[in-house]
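One structure below.
What follows draws every value from the coordinates through simple rules; no lab data is involved. Treat the numbers as computed from the prediction; the structure is a model and nothing was measured. All Cβ positions, glycine included, derive from the backbone under ideal geometry; neighbour counts span all protein chains shown.
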Amino acid sequence: MKKAIFMLAVGAMALTACSETEVIEEGVQSPAIGFNTNVGKNSRAIDNDNFAQFFVYGTYKMPTTSNLVQVFDGEEVTKSEKGEWGYTNTRYWIDGATYTFAAYGVDGGILPGNNAQANFGTADGFLNLAQIEVDGATGHQKDIVYAKSGSVLGLETNNPSVALAFKHILSRLDFTFKSGFPAGYTAEVTNVRLVSVRNTGRFMGQTLSWTDVDRTVDVTSVPAISLQFDETEISETKSITSGYAYVIPFEYKVKNVGIVFNLDVKNGNGEAVYGKEVSAYWAPRWAGGNTYSYTITLNGQAAGLDPIQFTGSVVDWATGEPSVPNFDIDPEPLQQPEP
């Protein structure tokens, strides 16, 4: 687990990125080409429990040639209720042939983006995901997983299922809002959204990394990613946490990614003391396959409230003028009166 803490104008944000993996083993040996999978559980919406569909591409070449022959071209592979993976139009292993496979899975089965597509190079055997769009538009908030095999040698018999280890290739975010206001104060946080994220890119199968990550030409047209909360009110004893949002991994150099929300604050008497839109910008460094959990603590200073303050001082002692400034003291003892 990695941690980083930094300050924004709206308060303190604590950033945590977690990465872990979970492996399951499935599949049986067969002369037909079969598949088994595992999905890393970090950052997941797709996991080993609900992962039931992916699309596979593959080639083979014979020992006597360097030419690649395509054997799978976006074939849909699905998992049955019994947990067995299968596809139509069964292909069979060729003894001595060398195979490579690549595949992707996506929530709902359709890549996010108006023109998103999977491109497989039959000459080089690499699967790229092009024109991906991850933003606030309808259908653009989806988890994507990707896998590729090493070289697999075909045998005459007892070929094991092809093991595909899928990894999440987007970054995932959530936000927690906490109150730093005095006891009795309540704050309502609404219309929370991420703005100005780089929303388009291409995932390259050769390097397993993103390239051409950019914003739509007109940055103002990039749909903001709305963050969803079950509740909106926070207090000294209550915080709220958003659902997850997906973004394309990118290391920003300039503080131009924004978190924007409406903040309304009431004092202990229920009187409104603040009501404005709040925004802050920072330069995140998002890596694929990681979840980033931000905690924002709101207080009066962050909200721009003017606190009631006091100062105090003590007046210096004045010099008094005595009514009888001088005394004559007789050093002789006083005579005692006669009884």
Residue separation times 0.36 nm, minus the C-alpha to C-alpha distance between VAL217 and GLU76: what's the value? 47.4 nm
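Suppose the chain between SER226 and VAL69 were pulled fully straight at 0.36 nm per residue; how much longer would it get relative to their current alpha carbon spacing? Write down the numbers at each step before the final one.
Working: separation 157, 0.36 × 157 = 56.52 nm, distance 4.48 nm.
Contour length minus the Cα-Cα distance gives 52.0 nm.
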Report ³J(HN,Hα) in whole Hz for each residue of the range 285-294, in order, from the Karplus equation J = 6.51 cos²θ - 1.76 cosθ + 1.60 where θ = phi - 60°; Gly and Pro get x. 10, 9, 10, x, x, 10, 9, 10, 10, 9
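Looking at the range 31-168 only, what percent of DSSP beta bridges run antiparallel? Nearest 5 please.
On the way: 31 of 36 bridges.
Roughly 85 percent of the beta bridges in the range 31-168 run antiparallel, per DSSP.
For the ranges 199-209, 222-232, what's the packing order if you count other beta-carbon atoms within 10 Å of each residue, average per peptide, and put the highest first? Please list the in-between numbers first.
Details: 199-209: 17.8, 222-232: 15.5.
Packing proxy ranking, top to bottom: 199-209, 222-232.
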Between the range 185-208 and the range 216-249, the alpha-carbon center distance in angstrom: 8 Å
Could you tell me whether the range 45-169 comes out rounded, prolate or oblate from its Cα gyration tensor? Rule is a ≥ b ≥ c as square roots of the eigenvalues, rounded for a/c under 1.5, then prolate if a/b exceeds b/c, otherwise oblate. oblate
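For the pair ASN128 and LYS255, what calculated FRET efficiency results from E = 1/(1 + (r/R0)^6), where r is the Cβ-Cβ distance and R0 = 30 Å, to the nearest 0.05? Spell out each step's value before the answer.
Values: r = 31 Å, r/R0 = 1.03.
It comes out at approximately 0.45.
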Where Lys and Arg each count +1 and Asp and Glu each count -1, what net charge lies around VAL134 among other residues with Cβ under 15 Å from its Cβ? 0
Extension reserve of the GLU188-ASN119 stretch, reckoned as 0.36 nm per residue once the Cα distance is removed: 20.2 nm
Cβ-placed point charges (K, R +1; D, E -1), dipole of the range 31-168 about Cα centre in debye, nearest 20: 220 debye
Taking amide hydrogens as modeled 1.01 Å from N in the peptide plane, which residues meet the under 5 Å criterion relative to ALA116, leaving out close sequence neighbours? none
Of VAL77, ALA130, GLY96, whose Cα points farthest to the positive end of the dipole of the range 31-168 (charges on the beta-carbon: +1 Lys, Arg; -1 Asp, Glu; origin at the Cα centre)? GLY96
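Given a cut-off of 32 Å, name the pairs among LYS238/LYS276; LYS253/LYS276; LYS167/LYS238; LYS142/LYS255; LYS148/LYS178 whose C-alpha atoms lie farther apart than that in the structure shown.
Long pairs (Cα-Cα over 32 Å): LYS167/LYS238; LYS148/LYS178.
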Using modelled backbone amide H atoms (1.01 Å from N, in-plane), which distant-in-sequence or interchain residues come within less than 5 Å of LEU153's amide H? TYR99
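Lys and Arg at +1, Asp and Glu at -1: add these up for the other residues within a Cβ distance under 15 Å of VAL195 and post the number. Let's see the in-between values first.
On the way: positive: ARG193, ARG198, ARG215, LYS255; negative: ASP135, ASP218, GLU277.
Here the charged neighbours net out to +1.
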